[in-house]
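Notes to accompany the following structure.
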Amino acid sequence: MMIFFIVGLIVHVVFFLSIFDIYFTSPLVHGMTPQHVPLAPPAKRLVLFVADGLRADSLFKPDDNGTGRAPYLRSVIEESGTWGVSHTRVPTESRPGHVALIAGFYEDVSAVAKGWKENPVEFDSVFNESRHTWCWGSPDILPMFAKGATGDHVYTYTYPPEREDFASTDASRLDTWVFDEVKDFLNVAKSNETLLNMLHEEQNMFFLHLLGIDTNGHAHRPMSKEYLENIGLVDSGVAEFVSVMDDFYGHDGKTAYIFTSDHGMTNWGSHGAGHPSETLTPLVAWGAGVQTAQREGSHKYDDNYLKEWGLETSMRVDVNQGVLPLNYLNNSQHFKAESIYANAIQILEQFRVKMIRYCEDLIVQAMEGLSYYHTYDRLFLGSSVVLGFIGWTSYVVLFILKTHASLRKPPTNMHMVSGGCCSPACSMFVSHGLLVALFLMVQSSPWTYYIYCLLPVPVWFSVMREFETLASLVRSVPSLPLSKCFGYFLLVTFGIELLVVSFFYRAMLTLGLVVLALWPMVSGLYTKAKVRSLSWMLSCLFLAVFPLLPVVGREPDVNYVTMDMMQVVLCAYILTSTHSSLQLKQGLPLFNQLVSWLTLVSSFLIPLLSSTRLFHRLLSILMSLVCVYLLLSTGYEALFPPVLSWLMFAWINIEQETMNTQGSSNRTELSSTDFAENIDITKIRQLRLDDIQRSYFFVFFIIIAFFGCGNIASINSFDPASVYCFLTVFNPFIMGGLLMWKVLIPFVIVMCTFESIQVSTQLSSRSLFLVVLVISDLMALHFFFLVKDHGSWLDIGTSISHYVIVMSMTIFLMLLSVMTHILTSKRILIGRKRKMHFR
């Protein structure tokens, strides 16, 4: 079994890693010569303002009184500059947004698996091509552009990470810090001759990253007073900084200014997907070389934004990332032609053109060609992985039938078919493997291709070695209840498809729970155990409500949380008082923080002090976990663990009733069941058809634990408010750890329940995990074809998360079973001979 586990682990690791060679290879081309416009630029320096998280409508739309929230930028739009809407591309996150702005290309999809703050791939940027670049702002954004620059000409000034506090009384201080620092920098330069000379050179850049708007949007939502007032503060800061810059350079008219945003934000304070509130960002440009304000003659946009924003008379020029907007340039046609030519030749270096209008068409064709060759091997590699999937699943099914099913196995000499390495079958597979290796060698394929293409060979050879098991199954067909087997096959097929669809549509889990509620009626248990059956049906229906509720995190409502059980009233008080304190901008109370952390630590110890009797231990585990879950809740999800626990208790009772109805020879009373005495099952029975049902129930409840309160498969669904009882300063590792424990709590409840069922039904955990492995592999095969390498990071990350979840489900559950075994069967004894020890 250990060898089987190790081999299975290796196979699944290979299958998982294959998606990064099939879907997530870098499309970037290196080694190209940077292109420059040969004519003298109209500006000597560029100032780039990026207001992180600023929506287009929040900047352009007047307030209720009809006055603009940003009077200075409004005056630029109407008098001295050019404006428009920048249609950003998903994923609408800070890193890809800044990469598109500063490096000029959409985020490399291979970055999805290589980190966020640092450069996952090397790329050129306008900072790197400048003579000097000075940057002020967030420590999460600036270092990634400084790290990739050649030489030492990109200078970054960042505030401490601790300032990015969602509970801050005034997050706009982050932007005030930027404006103050850059003004101090210019004042110091006046008395520093070396720095002064550097500042007066050409091709210099100033980058001001303003994070306050984004922070206030996450903490208070974009329609809040804090978010809107922060826009006014940024507008005033820009106006003052422009005045300081013009004075510093003696009003030489050689400074160009660009004000924009990396992404927008939804009404509930998140971003990452493709909603217009996330993709529509403002763009305002003015200064040297920029077209001055033009009057709008005819409206070429179908939307009503111009009227809504009160800008019908100002010409609007929208842009898409990566394409030079010529209407923003105030220069000769010769200069524009050279500029668009350089833009085109950056994509195809050896491209030559006589007429500008053909450049855009060739760019599109070149990108389509690059995409074709980029995905050239996808079908070949995908077919190899699918062949391996099918072979592996077939082998696991045969292994289950061989070791855990009562098949008639008369002695048969199958050596010539499936025997040793000298058999014809072995020779055939070896020959096939050599042919595949030769083909890959001729193609000069990477070494990973050999693994993906050769792995199916030994897998299918192992399937052929189990030919005797398959033959025994065929001989046993006449004695099997075919109608019942066919019925189980249809139900399992429907069930697996329902689970796959539920990853995308949570309401399908409601359908599944409604169907499960009918189980006692269909199986006939209702007539024999009405109370237990009724409890099962009601708990299924109550739990079915949760997948129909909105995803947790969009509209926090602490009032839902305080409806939880009386036993956790202290935690409810801590949660309510914490959120109240944060709303009043009084910070996180130290007492609340200490109680929260003590509750978290004690949740691991309290169950180990209670009795190991089944219901006593399960109740202790439940109470401890619910307290922690409550502190990590922001809405209705606080009620999810109690309802789930109700269903789990009903499951334990109804499975016990099923075993008693079937006349099991080892009847046990749940009231007398002790985890410490019965967890080691000595009498392991063979698998029956109804064990497939139990395995599916287990998988279904695990999926319910995943998606019952929302899609936790992607970090984009994470609301920082969930961890405010523990900390408010941005720390991705601690916050991520707390979030993961919140995610694991429903799993622990389901897993502890199955420990109980394992005892009462004498079900082998080994056979269970093998059946779960088959179910998860069949689901994984679905998700392999659904992996995305385009779209938002929400879509890409979710598709990978789905694949990873089902691929690692069995291994994850086996590791989790070790933890739940300790929680259910171990006990800390205090004051008996030794001070403290495990029993």
If we keep only residues of region 589-608 that are touching a Leu at 6+ places or on another chain (Cβ under 8 Å), under 15 Å from residue 632 (Cβ atoms) and not aliphatic (A, V, I, L, M), then the residue surrounded by the fewest Cβ atoms within 10 Å (Cβ to Cβ) is 593
Looking at 695, 722, which one is assigned to a helix (DSSP H, G or I), open to solvent by less than 20 Å² (accessible area, probe 1.4 Å) and at pLDDT below 80?
722
Would you mind listing the helices (runs of 4 or more DSSP H) fully within region 429-479 where at least 3 residues are among the hydroxyl-bearing types (Ser, Thr, Tyr)?
447-454, 467-476
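From the list 811, 775, 822, which one is at pLDDT 75 or above, surrounded by fewer than 21 Cβ atoms within 10 Å (Cβ to Cβ) and over 25 Å from residue 611 (Cα atoms)?
Being at pLDDT 75 or above, surrounded by fewer than 21 Cβ atoms within 10 Å (Cβ to Cβ) and over 25 Å from residue 611 (Cα atoms) holds for just one of 811, 775, 822, which is 811.
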Looking at region 609-629, which of the residues that are open to solvent by less than 10 Å² (accessible area, probe 1.4 Å) and more than 16 Å from residue 747 (Cα to Cα) is modelled with the highest pLDDT?
617
Restricting to region 638-662, what's the tally of residues that are surrounded by 23 or more Cβ atoms within 10 Å (Cβ to Cβ), among the small types (Gly, Ala, Ser) and modelled with pLDDT of 85 or more?
1
Report whether or not residue 763 is open to solvent by 10 Å² or more (accessible area, probe 1.4 Å) and either touching a residue at least 12 places away in the same chain (Cβ under 8 Å) or under 19 Å from residue 697 (Cα atoms) (or both).
no
Where in region 131-218 are there helices (runs of 4 or more DSSP H), lying wholly inside it, with at least 2 residues that are polar (S, T, N, Q)?
173-189, 193-199
Residues in region 2-48 that are at pLDDT below 80 and either on the phi > 0 side of the Ramachandran plot or charged (D, E, K, R) (or both): how many?
2
Scan region 141-149 and tell me whether some residue there is basic (Lys, Arg), over 23 Å from the mean Cα position of the chain (by Cα) and modelled with pLDDT of 85 or more.
no
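Just the residues that are farther than 16 Å from residue 56 by Cβ and open to solvent by 40 Å² or more (accessible area, probe 1.4 Å), please, taken from region 245-265.
246, 247, 250, 251, 252, 253, 254
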Considering region 515-544 alone, what residues qualify as being outside any helix (DSSP H, G or I) and surrounded by 15 or more Cβ atoms within 10 Å (Cβ to Cβ)?
529, 544
With (1) open to solvent by 20 Å² or more (accessible area, probe 1.4 Å); (2) modelled with pLDDT under 70 as the list, and residue 394 as the residue in question, which single condition is left unmet?
(2)
Scanning region 71-93 for residues that are in a helix (DSSP H, G or I) and either acidic (Asp, Glu) or open to solvent by 10 Å² or more (accessible area, probe 1.4 Å) (or both), the one farthest from residue 326 (Cα to Cα) turns out to be 71
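The values are calculated or read from the model by the stated rules, or taken from the named source; none is laboratory data. What you see is a predicted model; the values in this text were computed from it and never measured. So basically every Cβ, Gly included, is an ideal-geometry build from the backbone, and we count neighbours across all protein chains shown. Accessible surface areas use protein heavy atoms only, side chains included; no ligands, DNA or RNA. Shrake-Rupley method; radii C 1.70, N 1.55, O 1.52, S 1.80 Å.
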